[in-house]
Amino acid sequence: MEKVEIESFTLDHTKVKAPYVRLISEEQGPNGDIVSNFDVRLCQPNRQEIPTGVMHTLEHLFALYLRPRISGYLDCSPFGCRTGFHLLAWGKHSSKDVAIAVKEALKLIITTEWEDVPGTEEKECGNYKDHSLFGAKEWAKEILEKGMSCDPFERKIV
Ligand SMILES: [Zn+2]
């Protein structure tokens, strides 16, 4: 079988300093369109992990708050390790601009009311019972206190 190299697994997770935003790749499609893929790391790998209910609520709220802040926004999906999210967008973007957008989204999460969390009804979500807005707010505060860096190895807080 041909060896598949996956960039995310070549990153030395012991060397990074979370929270940060890192450009993973800019993929070009057959028609020349570019899709950017970012590593939005919210907590330190192998030191902390965000509970699943919190990841779930963050996912719903990132969909609400990041889309209007990043042109060509496609998706923001949780890592299985629960330390962060993949963020995909059409076109090229700087890590700094994405980090600023994530910071703004986290600030908004702190003041979000349950009624404003999108897609929390049974017909709208695959596991509507597993949400924690309280946890999302507490984690957002902790991440903001540490500061969002636009570099994974050096603290360059935006
Ligand atoms: Zn859901």
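The values are calculated or read from the model by the stated rules, or taken from the named source; none is laboratory data. Since the structure is predicted, the reported quantities are computational estimates derived from the model, not experimental observations. All Cβ positions, glycine included, derive from the backbone under ideal geometry; neighbour counts span all protein chains shown. When the accessible area is computed, the model is the full protein with side chains, heavy atoms only, and any ligands, DNA or RNA have been set aside. Shrake-Rupley method; radii C 1.70, N 1.55, O 1.52, S 1.80 Å.
When the test is whether a residue is under 14 Å from Leu64 (Cβ atoms), β-branched (Val, Ile, Thr) and open to solvent by less than 90 Å² (accessible area, probe 1.4 Å), Thr120 passes it. Is it fair to say Ala63 is open to solvent by less than 80 Å² (accessible area, probe 1.4 Å) and either over 17 Å from Gly135 (Cα atoms) or of a type in the set (Phe, Trp, Tyr) (or both)? Criteria met by Ala63. Close contacts from the range 40-68, counting a first residue that is free of Cβ contacts under 8 Å to residues at least 60 places away in the same chain and a second that is open to solvent by 30 Å² or more (accessible area, probe 1.4 Å), with Cβ to Cβ under 6 Å and a gap of 6+ residues or different chains, come to Pro45/His13; Glu49/Arg82; Met55/Pro78; Met55/Arg82; Glu59/Pro78; Leu64/Pro118; Tyr65/Leu108. Would you pick out the residues in the range 111-122 that are assigned to a helix (DSSP H, G or I) and either over 19 Å from Thr52 (Cβ atoms) or within 13 Å of the ligand (Cβ to nearest atom) (or both)? Those that are assigned to a helix (DSSP H, G or I) and either over 19 Å from Thr52 (Cβ atoms) or within 13 Å of the ligand (Cβ to nearest atom) (or both): Glu115, Asp116, Glu122.
Residues that are hydroxyl-bearing (Ser, Thr, Tyr) and either open to solvent by 90 Å² or more (accessible area, probe 1.4 Å) or under 19 Å from the mean Cα position of the chain (by Cα) (or both) were ranked within the range 123-153; the one that is farthest from the ligand (Cβ to nearest atom) is Ser149.
Filtering the range 72-108 to residues that are open to solvent by 60 Å² or more (accessible area, probe 1.4 Å), in contact (Cβ under 8 Å) with a residue 12 or more places away in the chain and in a loop (DSSP other than H, G, I, E, B) leaves Cys81, Arg82, Lys92. Among the residues of the range 44-60, none is identified as among the small types (Gly, Ala, Ser) and open to solvent by 40 Å² or more (accessible area, probe 1.4 Å). For the range 12-35, a tally of residues being β-branched (Val, Ile, Thr), within 14 Å of Pro152 (Cα to Cα) and either in contact (Cβ under 8 Å) with a residue 60 or more places away in the chain or assigned to a strand (DSSP E or B) (or both) returns 3.
Residues of the range 36-56 that are outside any loop (DSSP other than H, G, I, E, B) and either touching a Pro at 6+ places or on another chain (Cβ under 9 Å) or not polar (S, T, N, Q) (or both): Phe38, Asp39, Val40, Arg41, Thr52, Gly53, Val54, Met55, His56.
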